[in-house]
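Trainee: What follows is a structure written as structure tokens; I'll ask about it next.
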Amino acid sequence: MSSPLIETYFRQDMLPHIWCPGCGHGVLMKDIAQAIDNLKLDRDKVCIVSGIGCSSRAAGYMDFNTIHTTHGRAIAVATGIKMARPDFQVIVITGDGDATAIGGNHFIHAARRNINMAVIVFNNNIYGMTGGQYSPTTPMGDYGTTAPYGSIDQSFDITDLAKAAGATFVARGTVFHVDKTTRLIERAILHRGFSVVDCFSICPTYYGRKNKKGSAVDMVRYQKEHAVDSALSKTMSPQQLEGKFIMGETHHDNREEYTIKYQRIIDNLRGGKAK
Ligand SMILES: Cc1ncc(C[n+]2csc(CCOP(=O)(O)OP(=O)(O)O)c2C)c(N)n1
Ligand code: SF4
């Protein structure tokens, strides 16, 4: 199948992709390409950085400046790129494991600094690439290859984690809500600060199978039926929100961005003003 978006933004020689039938990651990758297209970004000024995992393979398929780094280090590498080239639009593609387990420290410190990058988390509640180990977003009680009796760990809500650590734009999208998620990614890219879009993906091969979630279609239908828009959620009682999840923008703040502050120090030193 061909489409202008695929021909324009994807490396034809890297396709077909490695993802399983029904995997949600391809939908989210397309949402990012669509957001870049809608914003008419100069592709030579876009840098896509990923870690390691099924999700992180997306960077290899996308025809921009891209770097596929090591597990958990996408945000660290992205920080270096943004510091060296503040004029670049840096977009990080990462998994829930990559971003919040091995890469958790980089995630919280980049948020604390409020460095300008858009972090798009492909959150499928499990380690897909390595065979279904439980991750920091596996719901308590759910199964993974390393949680054969059900996880007893409290899971992270990535939107809450990002806000608490200092991120200044935080949102949640899903594989089902294609247009809404694309618009959230656009806003994350435009925001001048550390932006996180926690995108609920699906891994029918491991998370779905181990937790009897049905087919890929069933898993996407679950997203459709359980998502509540963040604005609407504010009018709902805890009882009405029971079993639902919130999507859309969940936090927005205009705290000053890190590379701007850093440049001010450089400018002051050049002008002889700094001590
Ligand atoms: C330092 C290091 N530790 C462990 C691994 C093995 N490893 C590769 S991908 C991965 C988990 C990926 O899970 P996630 O980030 O959630 O992405 P998904 O595959 O689910 O999209 C792990 C543990 C590695 N490559 N490098
Ligand atoms: S293992 Fe899961 S996350 Fe990885 S490609 Fe297959 S469905 Fe997608």
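Trainee: Assuming R0 = 35 Å, what is the FRET efficiency of Ile266 and Arg43, from their Cβ-Cβ distance, to the nearest 0.05?
Mentor: With a Förster radius of 35 Å, E is 0.80.
Trainee: Which shape class, rounded, prolate or oblate, goes with region 96-244 when its Cα gyration tensor gives a ≥ b ≥ c as root eigenvalues, a/c under 1.5 marks rounded, and past that a/b bigger than b/c marks prolate?
Mentor: oblate
Trainee: For region 147-275, what relative contact order do you get, as a whole percent, if you take Cα pairs closer than 8 Å and at least 6 residues apart? Can you show the working numbers first?
Mentor: Working: 149 pairs, mean separation 35.3, N = 129.
It comes to 27 percent, rounded to a whole number.
Trainee: Under 1.5 on a/c is rounded, so check that first for region 24-136, then, if it is not, pick prolate when a/b is larger than b/c and oblate when it is not; a ≥ b ≥ c are the square roots of the alpha carbon gyration tensor eigenvalues.
Mentor: oblate
Trainee: May I ask which of Lys45/Lys244; Lys210/Lys234; Lys45/Lys180 have a Cα-Cα span longer than 27 Å here?
Mentor: Among Lys45/Lys244; Lys210/Lys234; Lys45/Lys180, the Cα-Cα distance tops 27 Å for Lys45/Lys244; Lys210/Lys234.
Trainee: Output the relative contact order of the chain, whole-number percent, from Cα pairs under 8 angstrom with separation of 6+ residues.
Mentor: 18 percent
Trainee: Going by how many other beta carbons lie within 10 Å of each one, how would you line up Val217, Val197, Val228, fewest first?
Mentor: Going from least to most buried by this count: Val217, Val228, Val197.
Trainee: Moving on to the next point. Where the centroid of each part is defined by its Cα atoms, how far is region 48-97 from region 217-232 in Å?
Mentor: Region 48-97 and region 217-232 have Cα centres separated by 28 Å.
Trainee: Rounded to the nearest 500, what is the 222 nm mean residue ellipticity of the chain from helices alone, with -39500 (n - 2.57) per DSSP H run of 4+ residues and division by all residues?
Mentor: Rounded to the nearest 500, it is -10500 deg cm²/dmol.
Trainee: Given the peptides 38-47, 72-81, 244-253, 169-178, arrange them by the average over their residues of other C-beta atoms within 10 Å, most packed first. Can you show the working numbers first?
Mentor: On the way: 38-47: 14.1, 72-81: 21.9, 244-253: 17.7, 169-178: 24.6.
With the highest mean Cβ count within 10 Å placed first, the list reads 169-178, 72-81, 244-253, 38-47.
Read the figures in this text as sums done on the coordinates, not as results from a lab. Nothing here was measured: the structure is a model prediction, and the numbers come from that model. Because the Cβ atoms are built from the backbone with ideal geometry, glycine has one as well, and the counts that use them run over all protein chains shown.
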